[in-house]
Amino acid sequence: MSGWTKFKKAPGIYYREHENRPAKQGGRQKDRYWRLFYKISGKINPEVLGWESEGWTESTVIELSAKLAGNRSKGITPGTFAELKVANEARTKLVKTEAQEAKAREEEAQAKRKTFGEVFPEYIKIRKEEVYNPRTAKDEQWKWEKWLAPYFSETPLSEVTAEQVAAFVTECKNPTAERLERGKIKIPAPRTPKTISHYLNLLSQVWQYGKEKGFCSGDNPIRAPQVKKVTPRGKSARSRFLTHEEANKLLTALKAKSLTLWAKCVVLLYSGIRPIELHALEWIDVEGGKIRVLREIKTNKGETRQIPMADPIKEALAEIRPEKIVFSDLIFPAARKRKDGAQYSSEISDTFDRVVTALGFNNGIENKNDRVVAYTLRHTFASWLVQAGTPLYTVAQLMGHSTAEITQKYAHLAPGNLKSAIDIFNK
């Protein structure tokens, strides 16, 4: 490569020619490497630009040199190629930032336009992976398709109002629109208070999921006072509990059918934990004479607590305890692994229902809340405690109730109830 040569067409410009590479393919002019020279505060400052083959043509170099010289004479920037590069980088960064901000605003605007119909498939996909009982997601899918979708599918989550939800509740109580019911188009029967509550819970869960994803914000309109005002309240609390004689008959019959099912029911009956809590118990959770129950995060049920272990539970666990255990193993793993590999289950075997039927516990009982189901064992635990004089506050702690109102439904079972409290003043 040759030495620096002064460019004759403009001052302050020098170049070096490549030995054999042309500036343009097929051209005769050799590739030139450009350099600027100028004086600032009496000091010569050289700055390299680049090769002509890279875009630094004669005209580009001449124009740039003249512009920088003019800026230096006026005392403004950029007066050097280095200052020009800094300014260009800042400008590029600003343009890029503005473009990113514009894109972010557009994405946010699109997110705010997400409808329930677009969000529900995302929600239910995650539910199928998270919930222990596969039938839960299937039931939610049915509720959505049959009742919620016709009213909310096209509504953006950010635009749903309490008034719209209240109107839906009113329609559920007194249906006016025809719909497909068991293969026929007709006006359906009014929904029960409990069913309406299930619809609202599902709609609320979808909205909350959307809020976490940034599709909506603010207070949940499904839980607004206007909605609560029109939502019917039904009797959902269980009133049936087992006598000690009925419990003994049930456990004896269950043990004859399945040792594992019998052990599950013993734990439910004498600890009062929920079935979903039962199936999450590991062997480490029953060490030290207490049952450690962790708060159920996915269903938002219960509170973390420790329950002293009753003798019947100790005996039942001793019968099913393997010779060699891993403390992190589930005590009651699911019979079959789910598709995602999870072994959790919240279900009690159908054998329970068959045994209850054989014992005749539900004969002639029409009210579902009075029928004996697995959850009746938890209700029985609380009822026996209150009948024995256990304070409601203690019962609430053992049961993992979130509010005192939940435990209050057992108050009528206390010995003597209110009368015994006043007796302390009687002579």
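Only the coordinates and a few stated rules stand behind these numbers; no lab work does. It should be emphasised that the depicted structure is a prediction, and the values quoted were computed from it without experimental measurement. Every residue, glycine among them, receives a Cβ derived from its backbone with ideal geometry; neighbour counts consider all protein chains shown.
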Fill in the blank from the handout: For ASN369 and ILE284, extending 7 Å from Cα along the Cα-Cβ vector and measuring point to point gives, in nm, a value of 4.0 nm
Fill in the blank from the handout: Candidates SER158, SER197, SER402; GNM for the chain (alpha-carbon contacts under 10 Å) flags as most fluctuating SER402
Exercise for the section: For a footprinting-style exposure proxy, rank HIS198, HIS279 by other Cβ within 10 Å, fewest first. Expected result: HIS198, HIS279
Exercise for the section: Name the long-range amide H neighbours of ASP31: under 5 Å, sequence gap of 5 or more, or other chain; modelled H, no Pro or chain starts. Expected result: HIS18, ARG21, ALA23
Completion exercise
Expressed in nanometres to one decimal, the distance between label points 7 Å along Cα→Cβ at GLN306 and PHE37 is 8.7 nm
Exercise for the section: Report, ordered by chain and residue number, the aspartates and glutamates lying within cross-link reach of LYS186, taken as a straight Cα distance under 12 Å and ignoring same-chain residues fewer than 8 apart. Expected result: GLU178
Exercise for the section: Could you tell me which of rounded, prolate or oblate describes region 129-181, using a ≥ b ≥ c as the square roots of the eigenvalues of the alpha-carbon gyration tensor, with rounded for a/c under 1.5 and, failing that, prolate when a/b is larger than b/c and oblate otherwise? Expected result: oblate
Fill in the blank from the handout: Given pairs LYS264/LYS368; LYS264/LYS409; LYS39/LYS93 and cut-off 27 Å on Cα-Cα distance, the over-length ones are LYS39/LYS93
Problem - Degrees, to the nearest 10: 58-74 long Cα axis against longest axis of the chain - result: 90 degrees
Exercise for the section: Over 18 Å between C-alpha atoms is what I'm after, so list which of LYS125/LYS228; LYS146/LYS184; LYS114/LYS213; LYS43/LYS85; LYS114/LYS211 land there. Expected result: LYS125/LYS228; LYS43/LYS85
Practice task
For the chain, with a Gaussian network of springs between Cα atoms less than 10 Å apart, report the residue from GLY75, GLY288, GLY210 with the top mean-square fluctuation.
Solution key: GLY75
Exercise for the section: Could you point to the label whose value was computed as volume of the Cα convex hull per residue in Å³ for the structure here, given [x] 379; [y] 332; [z] 139? Expected result: [x]
Problem - Estimated 222 nm signal from helices in the chain, with DSSP H stretches of n ≥ 4 weighted -39500 (n - 2.57), rounded to 500 - result: -14500 deg cm²/dmol
Practice task
Calculate how steeply helix 162-173 sits against the longest principal axis of the alpha-carbon atoms of the chain, using the helix alpha-carbon long axis, and give the answer as 0 to 90 degrees to the nearest 10.
Solution key: 30 degrees
Completion exercise
If R0 = 56 Å, then LYS211 and ALA66, at their Cβ-Cβ distance, give a FRET efficiency to the nearest 0.05 of 0.40
Fill in the blank from the handout: Interchain or sequence-distant (5+) residues whose placed amide H lies within less than 5 Å of the amide H of GLU282 are ILE331
Practice task
Compute the long axis of helix 134-143 from its Cα atoms, compare it with the longest principal axis of the Cα atoms of the chain, and write down the angle in degrees, 0 to 90, nearest 10.
Solution key: 80 degrees
Practice task
Could you pull out every residue, at least 5 positions away or on a different chain, whose amide H is within less than 5 Å of the one on ARG179? Hs are placed 1.01 Å off N in the peptide plane, and Pro or chain starts have none.
Solution key: LYS186, ILE187
Practice task
Rounded to whole Hz and in sequence order, give me ³J(HN,Hα) for region 86-91 from the Karplus expression 6.51 cos²θ - 1.76 cosθ + 1.60, θ = phi - 60°, writing x for Gly and Pro.
Solution key: 4, 5, 5, 5, 5, 5
Completion exercise
Within region 129-196, DSSP-loop GluC sites (Glu not before Pro) with at most 16 other C-beta atoms within 10 Å are GLU154, GLU159, GLU178
Fill in the blank from the handout: Expected max-MSF residue from LYS314, LYS125, LYS30 in the GNM of the chain (alpha carbon, under 10 Å) is LYS30
